[in-house]
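Here's the structure we're looking at; comments come further down.
The values are calculated or read from the model by the stated rules, or taken from the named source; none is laboratory data. In this text the structure is predicted, and so the values were computed from the model without any measurement. Because the Cβ atoms are built from the backbone with ideal geometry, glycine has one as well, and the counts that use them run over all protein chains shown.
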Amino acid sequence: MLAYTVRRILVSIPVLIASTFIVFLVVVNAGDPVANFATSRQPRPSPAAIQAFARHIHANEPAVQRYWNWITGVLHGDWGPSVQPNLDIGHDLFTRFRVTLTLVAAAMLIALVLAVVFGVFSAIRQYTAADYTITFFGFLFLAMPVFWFAVLLKQAGIWFNEQTGSQFLGTIGEKSPYLEVDTTWNEFTDRIGHLALPTITLALVSFASWTRYTRASMLEVLNSDYVRLARAKGLRRRTVMVRHALRTALIPLATVTALDIAIILGGAVITETIFQWHGMGEMLVESAATVDVYRTMAWLLLSAVVVIGFNLIADLLYAVLDPRIRYD
Amino acid sequence: MTDTEAAGSAGTQLPPTEHEFTITQRTQTQLVLRRFLRHRAAMVSLVVFVLILLWAFIGPHLWHYSYQKYTPDNSQAPSWKHPFGTNASGYDAYAQVMRGTQTSLKIAILIALGSTLLGAVWGAVAGFYRGFVDSTMMRIADLVLTLPLFAIALVISSRSGGSWYWIAAVIAGLTWAYVARVVRATVLSLREKEFVEAAKALGASDARIIFRHLLPNSLGPIIVNATVLVATGILTETALSFVGFGVQPPDTSLGLLVSQAQTAVDTRPWLFYIPGAFIIAIALTINFIGDGLRDAFDPRQQRVRQ
Amino acid sequence: MRAQSSALTRGLALAAGLGLALAACSSGGGGGSSGKGSSAGLSSCNTQGKANTCNSAPTKSGGTFTYVLEKNIQQWNVQDTNGNTFENAEALEVVLPQVFVPLPDFTVALNKDLVTSAAQTSSSPQTLVYKINPKAAWNDGTPITADDFIYYWRTNDGKDCPPPPASDSTQTKGCLPQSTAGYDRIKSVTGSDGGRTVTVVMAKPFSDWKQLFGAGYPLYPAHIAEKLSGAKVGDAAHMTAAQMTQGWQYFQKNPPTKYATAGPYKMTQWADNDHATFEPDPKWWGATKPSLQRLIFKVISDATQEPIALRNNEVQAIYPQPEVDLVNQVKSIPNVTYNIGNGLQWEHFDLNLHNPVLGKYTALRQAMFTAISIKDIMSKTVQQFDPSVKPLGSHNYVPGQAGYQDLVTATGQGSGDLTKAKKYLTDAKFTGVGSALKTPDGKAVGPFNCRYTTGNQIRQSECQILQSDLANLGVKVTIKPIGAADLGTVLAGHQYDIIVFAWVASPFPTANAQQNWVTGGGGNYGGYSDKTVDQLIAQAVGTTDQTQAAALLNKADKIMVNAAYVLPLYQKPTFLAVQTRFVNMRNNSTNVGPPYNTAEWGLKK
């Protein structure tokens, strides 16, 4: 196992380099940030300013050289210049990562708990009205575009605020810029209020797909011989469910969860834009739209490490949880 | 005596020795089809989906407004003249939704086809050979998984003018890696089965085993996955249009229509809800069809005795 | 199986009901809307003469007011090319002083809190005398003196603090002012009366002198720059380039929370990409004392989220680009007043004169512009939320500015008059008019492309209407959107035949005219060149008389209209929405925006 892990990590390094190099070439050819700079301000920047800008972002150097300088720079903490003035890419990256992590962790936790509960319930009560309703809503949530739902959710949030006469639910940002009465409790409720709507939005799709997955997996386990044996032995239903069926059923879910989380961490773009959480997703869209090469690369590096890492975790989890699988 | 007996029961009884009792043999495909046809929700969804498909592709030829020409009626609510209303510039929303559905379906189906083809072959080859080949191929798949959709889609959509096949190609080019993982897992378990050993013993080449034995037996998860890809394809295209990297005007897609109308939720709701309803309808029906297919391919999940 | 399908239908009905319920709940009660373009408190703002005084009322102390910034502030030196953004100007004008302030009616007013008088005492050489208010001081006690003016001039004239040299890849070893216009014409700036009187002598006359030391670009504290760079405090006249660069860089990197400021509020907190917090400055000496307990500028980068935030009372005022749904959403919010004002931005079609056919035949261009119907364009775009919008008739001024003259309508351009347009072509011996247009030499005209920035529905419609209008002449037009990242390349490389975007007019139009219409100007993307126009504009920049400058610009404009290079479409409206419990906010469409008078803002008494 250890050898396998080490090997996978070592192999990840060329993968990372290849990935960053490909994207570097793509973004460098995506547009001309110098021309954008020259036409973006009113009054137009002077020729001296334009040249200074071009030098600053290494626009006139050959791509391979720029890539080499970037990667050697990253190794000692220099993330390169951004198109935006004054921006410390590294600091910005990790701040935004923290924001996205908060959002994703909360959402995934809720999605996971709810998915297990509803999935198991649905499997046990297969083909009853409850099962059909859960199935239907699962499919419905899977079928809804995220921002379509987010827009409606915001309206519902405001309606809720108006009905309760409070300002509990916030629609923009992580927290309010100021609190009239600044106590720890108020700070806590303020954070929760701002976390509620985006978390529901983000959790929704994962919840729907994980519920289906849990249900299918649970059904397969409930039909298996050893569960039938356990019941035949006369064990109580609760014991059978939890100790035997559930634990086996959750194995594939664990790996799917790991993969999905990696995907979402890479860019909960829509949720972040609609609720104005300044996280990784917003960073990618901004840097792609402004052809900010070094900022896109910073995003990519962190995101790629996360994806590769979680893929490895998923594969390892699978081996750990299912004793039939062996890696050599 | 025999004549009397035979005369007395003409046509109702055959001599036992001449009667051979057989049943019609059903092929695998027929079995799957029968199980699918019995799944009520999937059948209804299939009918609805086919209707939407026909409406989207044939409808524009029968409708007198074009999605590209504006009319003098600006921002009108649905009426007999404009069943889905019009938008701010006077475009007939009915024509636009038809066109949008057409484009979204084309994109989604192309994504599903391309992604499944490439991913299935990739995953099957990797799973079959194992060892170094498997490792390399899956690391390449890992590499593809790290590439950011939004950044690449931005570049492609601005260079290509947002034509739908490029958008589909980009999304397919990034999603095949998931299909490959799934197919590889299936093939890994299948390759230990006896029929593969038998084929090898008979001298079948590697390609033959992969394409004639392994892939057809993995068809279940592959097809189910493909249907899911159609649904996620539409939703991904919607997400891209929301940030502006998807289909570009003057062409339109359901995702573009909904994202253009996101501020109109309260004020001109027909522009927001109708395309959204179509996205949901298509994704929903596809999901049900996929569910039906999954049940059809794998009938082990029957009613559990309590 | 039957149970399955009935549960399906029940589920569908439930979902439909849920959707409808959400929709019904979301549309709230009616708002206080009255009048065509505004409501309640801001309703009189569009009346002639009331723009500077509408929504006025006495205030009581207290209250927290949150205003929206639409972009993050990345760099804090608004005088710098990179820091020259609208949001930066909005935030800094709350805490830094400026001489002349642009008002909502596009005039400029003297800021008596900083300067009790500012006058041109002689016109040759042009001499300006400013008398600084004796009470004016930075909030660390240092008085505001001529030294601050001298520092401002020397860092902005492009000579005393030159741009970074070619060897500097960090872009930090020099000053890059957003414009040296005016400052590069100053001969000397001297202080007298203990620094309370500032005398500016110009080497060459500059007609827009009221733009200097203000108009959206306020003064920075010179003594801060002097202290940190090791120069002699109070002696900006002898600072070296390196020292001035240090000061310049310092103001770039540091928000005003870190140094002494001079405004009704001081900035107490800056959370990057999130919000700025201001609190009343006890050292403020001005006529109007701030009444708010706290002022917050919150960054919301997606305009579609702003009405919802306003409705949820997370912000109290928004200033987004208006579009029909946004305006209607705000109209339905109770206790909110709004104003649709006429902005300084104006939309236009540009022709690329580098294109051989377009560049050669004036008659073709005149015909094309005459065939376009601006009325159609407006009815499908801005008139949907602002029925009072009219076509724009000038390249340099907008209605409301003193120099405005409608020079376009009389020529028939923008009228959609097809007969007149065709006459231009037949007179110039074009063939195939109305079917497949050909030049007198027999070359085919077009197809031309009409380009606009992608994602902009209004501009998409404008191109489509142009396409359909020009088809009537026999000219084929294809529509080719520009990718989000490519506008700069397209403009700078003139990779278009027809393009639609917006310019920003200014209370000081001569500098803009020089950039946009003069041969080789930085904003002259289509390659327009006319010697007479060049001369007239140069004269206009150099004259000291505003009315004469206007006359010269309009004379040049007449020639430009005839050349049919740029067709002005309409003045883009601006949109301000404020909760009614707060007063004294006004829609100011100039480059300073609504925060030009934050000292007056407060809770209604």
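At-a-glance table
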| quantity | calculated |
| --- | --- |
| Among the residues listed as A:Phe121, A:Phe136, the single one being facing chain B (nearest Cβ under 10 Å), in a helix (DSSP H, G or I) and free of Cβ contacts under 8 Å to residues at least 60 places away in the same chain | A:Phe136 |
| Yes/no for A:Val83 being surrounded by 14 or more Cβ atoms within 10 Å (Cβ to Cβ), more than 9 Å from every other protein chain (Cβ to nearest Cβ) and touching an Asp or Glu at 6+ places or on another chain (Cβ under 7 Å) | yes |
| Any hit, the stretch A:119-133, residues being surrounded by 20 or more Cβ atoms within 10 Å (Cβ to Cβ) and closer than 30 Å to B:Ser259 by Cα | no |
| Filter pass, A:Val11 being without any contact (Cβ under 8 Å) to a residue 40 or more places away in the chain, away from chain C (no Cβ under 14 Å), surrounded by 14 or more Cβ atoms within 10 Å (Cβ to Cβ) and touching a helix residue (DSSP H, G or I) at 6+ places or on another chain (Cβ under 9 Å) | yes |
| Any pair with Cβ under 8 angstrom, 6 or more apart, that starts in the stretch C:131-151 at a residue that is in a helix (DSSP H, G or I) and ends at one that is among the charged types (D, E, K, R) and surrounded by fewer than 24 Cβ atoms within 10 Å (Cβ to Cβ) | C:Ala146/C:Arg196; C:Asp147/C:Asp235; C:Tyr151/C:Glu226 |
| Selection from the stretch A:159-170 of residues that are surrounded by fewer than 21 Cβ atoms within 10 Å (Cβ to Cβ) and touching a Leu at 6+ places or on another chain (Cβ under 9 Å) | A:Trp159, A:Phe160, A:Asn161 |
| Condition met for B:Thr103 (closer than 18 Å to B:Gly276 by Cβ and surrounded by 19 or more Cβ atoms within 10 Å (Cβ to Cβ)) | yes |
| Candidates B:Tyr65, B:Tyr70, filtered to the one that is touching a Gly at 6+ places or on another chain (Cβ under 7 Å), within 15 Å of B:Gln96 (Cβ to Cβ) and crowded, with 19+ Cβ neighbours inside 10 Å | B:Tyr70 |
| Pick from the stretch B:32-45, criterion surrounded by fewer than 19 Cβ atoms within 10 Å (Cβ to Cβ) and either among the aliphatic types (A, V, I, L, M) or within 17 Å of B:Lys106 (Cα to Cα) (or both), ranking: farthest from the other protein chains (Cβ to nearest Cβ) | B:Leu33 |
| Tally of residues being more than 7 Å from chain C (Cβ to nearest Cβ), touching a helix residue (DSSP H, G or I) at 6+ places or on another chain (Cβ under 6 Å) and within 13 Å of C:Ala492 (Cβ to Cβ) across the stretch A:38-59 | 2 |
| Residue selected from the stretch C:366-389 under the condition within 16 Å of C:Asn472 (Cβ to Cβ) and more than 14 Å from chain B (Cβ to nearest Cβ), by the criterion surrounded by the fewest Cβ atoms within 10 Å (Cβ to Cβ) | C:Gln366 |
| Test: residue in the stretch C:250-265 that is under 30 Å from C:Pro58 (Cβ atoms), of a type in the set (S, T, N, Q) and touching a Phe, Trp or Tyr at 6+ places or on another chain (Cβ under 9 Å) | yes |
| Exclusive hit being of a type in the set (S, T, N, Q) and part of a strand (DSSP E or B), set C:Gln548, C:Gln535, C:Gln539, C:Gln571 | C:Gln571 |
| Residue identified as modelled with pLDDT under 90, small (Gly, Ala, Ser) and closer than 30 Å to A:Tyr318 by Cβ among A:Ala3, A:Ala49 | A:Ala3 |
| Condition met for C:Asp105 (more than 29 Å from C:Phe575 (Cβ to Cβ), of a type outside the set (Phe, Trp, Tyr) and outside any strand (DSSP E or B)) | no |
| Residue count, the stretch A:269-312 (criterion: touching a Gly at 6+ places or on another chain (Cβ under 6 Å), among the hydroxyl-bearing types (Ser, Thr, Tyr) and more than 8 Å from chain B (Cβ to nearest Cβ)) | 1 |
| Matching residues in the stretch C:477-501 - criterion: being of a type in the set (D, E, K, R) and more than 8 Å from every other protein chain (Cβ to nearest Cβ) | C:Asp497 |
| In the stretch B:238-255, the residues that are within 11 Å of chain C (Cβ to nearest Cβ) and outside any loop (DSSP other than H, G, I, E, B) | B:Ser241, B:Phe242, B:Val243 |
| Residues of the stretch C:264-316 that turn out to be under 30 Å from A:Gly279 (Cα atoms) and in a loop (DSSP other than H, G, I, E, B), as a count | 11 |
| Identity of the residue in the stretch C:390-423, crowded, with 20+ Cβ neighbours inside 10 Å and of a type in the set (A, V, I, L, M), that ends up nearest to C:Gln460 (Cα to Cα) | C:Leu392 |
| Residue in the stretch C:69-77 that is within 11 Å of chain A (Cβ to nearest Cβ), assigned to a loop (DSSP other than H, G, I, E, B), in contact with a Leu (Cβ under 7 Å, 6 or more places away or on another chain) and at pLDDT 50 or above present | yes |
| Members of the stretch C:411-464 that are more than 14 Å from chain B (Cβ to nearest Cβ), of a type in the set (A, V, I, L, M) and touching a residue at least 24 places away in the same chain (Cβ under 8 Å) | C:Leu418, C:Ala421, C:Leu425, C:Ala428, C:Val433, C:Ala436, C:Leu437, C:Val445 |
| Segments classed as helices (runs of 4 or more DSSP H), wholly inside the stretch B:105-202, with at least 2 members that are modelled with pLDDT of 85 or more and within 12 Å of another protein chain (Cβ to nearest Cβ) | B:131-146, B:164-190 |
| Hits in the stretch B:256-277 (condition: surrounded by 22 or more Cβ atoms within 10 Å (Cβ to Cβ), among the aromatic types (Phe, Trp, Tyr) and more than 9 Å from chain A (Cβ to nearest Cβ)) | none |
| Residue in the stretch C:155-190 that is surrounded by the fewest Cβ atoms within 10 Å (Cβ to Cβ), counting only those that are in a strand (DSSP E or B) and more than 9 Å from chain A (Cβ to nearest Cβ) | C:Lys187 |
| Residue pairs meeting the criteria (Cβ under 7 Å; at least 6 apart or on separate chains; first charged (D, E, K, R), in the stretch B:87-114; second assigned to a helix (DSSP H, G or I) and at pLDDT below 95) | B:Arg99/B:Pro60; B:Lys106/B:Trp164 |
| Residues of the stretch C:223-277 that turn out to be farther than 24 Å from C:Pro164 by Cα and of a type outside the set (A, V, I, L, M), as a count | 18 |
| Criterion (modelled with pLDDT of 90 or more, in contact with a Gly (Cβ under 7 Å, 6 or more places away or on another chain) and over 28 Å from C:Gly62 (Cβ atoms)) met by exactly one of C:Thr532, C:Thr574 | C:Thr574 |
